[in-house]
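Please treat every number below as a calculation from the coordinates, not as lab data. These numbers come from a predicted model, not from an experiment. Here the Cβ is made from the backbone with ideal geometry for all residues, glycine too, and neighbour counts use every protein chain on show.
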Amino acid sequence: MQHLEHAAHALGWNGHLIPDVEILGARFAAVAAVRPDVHAWRLEHEWAPQPDPAWFRTWSDTSTHAHLPVAAVDLLGILVPVPKLSRALRACGTLMTLAPCSVVVPADAELQTISLSELDYYGIGVVADAPDAPADLVLAPEDRTGEFGSSLFGRWLLEVLYSKVLANRPELAEYNPR
């Protein structure tokens, strides 16, 4: 997990690192930032994270749910470890529609110029990471989410990440009125 922390730091993504996210067959790490105002409101109103996929499927039916919870986290970016650069495009694929996506490759991975040009075209970032050393930002990712628009899937992913942040940081799950 330390290599993912180094990669998130190199990208300037300051938030909660959530390793081992698995959604629809994709495995990745996410960096999410809690929205303090929304989080406090949700705690006060006892609106817990809604990560259940069955509940998510009903969101499109307004007769079932008149209101959806406001997202309590922002997804800063997605990290996908890959052993070599040739797997980067496939690894980020549809994930780049949800947030900036960057692959994390070993520092000794071959970085072909042609591959970097293609990844740059698609807005996929590259971070080279060596054990016990700071990560090296090779190519900064671009936020292409505006090109794809929002989706219920993306909104549901935020609920999953919110639940994982609260599970990893139990002190955040306690309501503390001021």
Running a GNM on the chain with Cα contacts under 10 Å, which residue among Leu85, Leu43, Leu158 ends up with the highest mean-square fluctuation? Leu43
Rg/Rh of the chain (Cα atoms, Kirkwood Rh), to two decimals, equals 1.01
Which angle from 0 to 90°, rounded to the nearest 10, does the C-alpha axis of helix 2-11 make with the longest principal axis of the chain? 90 degrees
Extension length gain for Ser86 and Trp55 (0.36 nm per residue less Cα distance), in nm, is 7.5 nm
Classify region 122-169 from the C-alpha gyration tensor, please: rounded if a/c falls under 1.5, else prolate or oblate depending on whether a/b exceeds b/c. oblate
Considering only DSSP beta bridges where both residues belong to the chain, give the percentage that are antiparallel (nearest 5). 60 percent
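In debye to the nearest 20, how big a dipole does the chain give about its Cα centre with +1 on each Lys and Arg Cβ and -1 on each Asp and Glu Cβ?
On the way: 12 positive and 22 negative charges, 71 e Å.
Computed charge dipole of the chain: roughly 340 debye.
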Listed residues Ser163, Ser151, Ser102, most fluctuating in the chain (Gaussian network, C-alpha, under 10 Å): Ser151
Measuring from the longest principal axis of the C-alpha atoms of the chain, the long axis of helix 152-168 (C-alpha) lies at a number of degrees, nearest 10, equal to 90 degrees
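Multiply the residue separation of Glu46 and Arg155 by 0.36 nm, subtract the distance between their alpha-carbon atoms, and state the gained length in nm to one decimal.
Details: separation 109, 0.36 × 109 = 39.24 nm, distance 1.90 nm.
Gain on extension, Glu46 to Arg155, equals 37.3 nm.
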Cβ-based net charge around Arg42, under 12 Å, with every Lys or Arg adding one and every Asp or Glu removing one: -3
Putting +1 on Lys and Arg Cβ atoms and -1 on Asp and Glu Cβ atoms, find which of Val31, Phe148, Ile114 reaches farthest to the positive end of the dipole of the chain. Phe148
Given points 7 Å out from each Cα along the Cα-Cβ axis, report the Ile114 to Glu174 separation in nanometres with one decimal. 5.8 nm
